[in-house]
Every structure is written in structure tokens, then in C-alpha cells.
1. So how do 32, 156, 16 line up by other beta-carbon neighbours within 10 Å, fewest first?
2. Set the Förster radius R0 to 30 Å, insert the Cβ-Cβ distance between residue 149 and residue 35 as r into 1/(1 + (r/R0)^6), and round the FRET efficiency to 0.05.
3. Between residue 14 and residue 108, take the C-beta separation as r, use R0 = 41 Å, and let me know the FRET efficiency to the nearest 0.05.
4. Using each residue's phi in the stretch 31-37, evaluate 6.51 cos²θ - 1.76 cosθ + 1.60 at θ = phi - 60° and report the 3J(HN,Hα) Karplus result to the nearest Hz, with x for Gly and Pro.
5. Ranked by Cβ crowding within 10 angstrom, fewest neighbours first, how are 126, 72 ordered?
6. Which residues does the label zone of residue 79 cover in the stretch 41-55, counting backbone N under 19 Å from a point 7 Å along Cα→Cβ?
7. Please compute the net charge surrounding residue 91, taking Lys and Arg as +1 and Asp and Glu as -1 over other residues with Cβ under 9 Å from its Cβ.
8. Take the cross-link list 49/173; 10/122; 49/176; 13/100; 13/173 and give me the ones stretching past 31 Å between alpha-carbons.
Amino acid sequence: MCLQQLFEIKVFKEKHHSWFINQSVQSGGLLHFVTPMDPLFLLLHYLIKADKEGKFQPLDQVVVDDMFPNCILLLKLPELEKLLQHVTEGKEIGKKKYYKYSKEKTLKWLEKKVNQTVAALKTNNINVGARVQSTAFFSGHHISSDKEEDYIRYAHGLISDYITKELSDDLSKYLKLPEDSASLPKPPSKKVKLSDEPVEAKEDYTKFNTKDMKTEKKNSKMTAAQKALAKVDKTGMKSIDSFFGAKNKKKVEKI
């Protein structure tokens, strides 16, 4: 089996969607987008992984995946060896070829991909830039005011969907793209000094004087019976101590 070309298939699906075909309604409403794809984007994953061993290896030992055993079909694509020259260093020993991932070559190849994407965006009058808040874009025939940096940044974002985060960051530096202002750390906020005048108290705290606090503390130690007696009107009543005064003491002695 020999594969002639690799395609990427994207499926557009909505929860409630149907197609009108002639006089009938077709449920499902799936929409498939088929686009030719460079196989190097898939091979990069295996090449970078194998590069951790730091040696040249044959492709059949590099492109190995237990979860996707059919990945070996990539090795049957035509002109594969020619494509690998963009991202690898090669050696031939005897009649067998060995490959090793090259980061320098890969960045140069990705830069070409970015430039090709920028050219396609301009040719199709696709507007990009800060005002485009998502991957959705709008085409028109009016003159675009987007800067060259906007096109490069947008193209870099599209290419980054097919490579690792680390390689995407390296490509951004290679393209000399300035850091996005949204990702820059914000300076620490400073406390605002409202006034140099002394702060005035909103309540009169002098009402809580020491005497009142002592009285409150004393009352807090009284029992419920003592508190009830304290509320009784004592007008005209003698103190119990008066019955044990000096006069009463003499009367007791005479008896």
C-alpha cells in the first residue's frame, strides 16, 4: 500500500442541525472540511521524541507508536526522504539511512511555512490583528490596515496548532516577535495615600470610661437573685446593718 497524499479532516458539528437535500431533510448536519497536510507536522512528534537519545536512527525505529500503530503508513508517503531534509540531519551507512532531528533546520522550515501563510492571508484579503479576538476571521475587498507584525503573529498562531508549545515559543523568538502585552506581568499595585491630615474618630469612645467599665464588671459577677434585689425600691427602708448598731448592742446586753 502506498499513500499518495495526507489530508487533515475537520468536522463541524452542531447539536441541532440538518441539511436540505432536494426535497428531503437530512438529519445530522455534519460538515467535513478536507485539507492537504504536510506529513512533517506529524513526523516532528516522533523525531523530537527520538532526539532525546541523541543519536542517528532509522525511521522504522523512530516512527513507533503503540497507541497508533498505523503511524508507520507515514513512511510510505512519496518523496518522504526529500521532505525529511527540512527537519533532520541524515547519514547513510551501507545502504541504510539514519536520521536525527535538527532544531535549526526545523525553525528555518517553520519560518517558510509562516511566510507562506502570511502570503495566503494577504492574497485572500483576510483581516487579522488585535481586533480579531478569536480564530474566526472575516474576508472582504476593502484595503486592510493590518501591520506586517499582525500577519506574522496570526500566521504563527495557526502554525502553532500543529507543533508543541516549546517549539512554538522557540519559533516566536526565531521570528523575533515581541511578547504579547496581555502576557506581560503587571507591575505591583501601590497603596494610594488619601490625605496627610490625621484621621478623626467617627464615634465618641470617651463614653466608655473606667467607672462604667468597673460597674459593668461588678454587675457581671452578681447572681440572678442579687440583680433582682438591686432593682427593688429601698425608699424608707433601713439597712440591715442598723439593727446591729451601738444602741441595739446595749439593749441586748441588758437582757
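1. On the way: 32 9, 156 21, 16 6.
Listed from fewest to most nearby Cβ atoms, that is 16, 32, 156.
2. Working: r = 26 Å, r/R0 = 0.87.
Calculated value: 0.70.
3. Working: r = 41 Å, r/R0 = 0.99.
The computed FRET efficiency comes out at 0.50.
4. Result, ordered by residue: 10, 9, 10, 10, 10, x, 10 Hz.
5. On the way: 126 17, 72 13.
With the fewest neighbours first, 126, 72 line up as 72, 126.
6. 41-44
7. Details: positive: 97, 100; negative: 89, 92.
Local charge sum for residue 91: 0.
8. Working: 49/173 22 Å; 10/122 24 Å; 49/176 26 Å; 13/100 40 Å; 13/173 36 Å.
Pairs exceeding 31 Å: 13/100; 13/173.
Values quoted throughout were computed directly from the atomic coordinates according to the rules given, and no laboratory measurement underlies them. Predicted model only: the values in this text are computed from it and were never measured. Glycine gets a Cβ as well: all are built from the backbone with ideal geometry, and neighbour counts include every protein chain shown.
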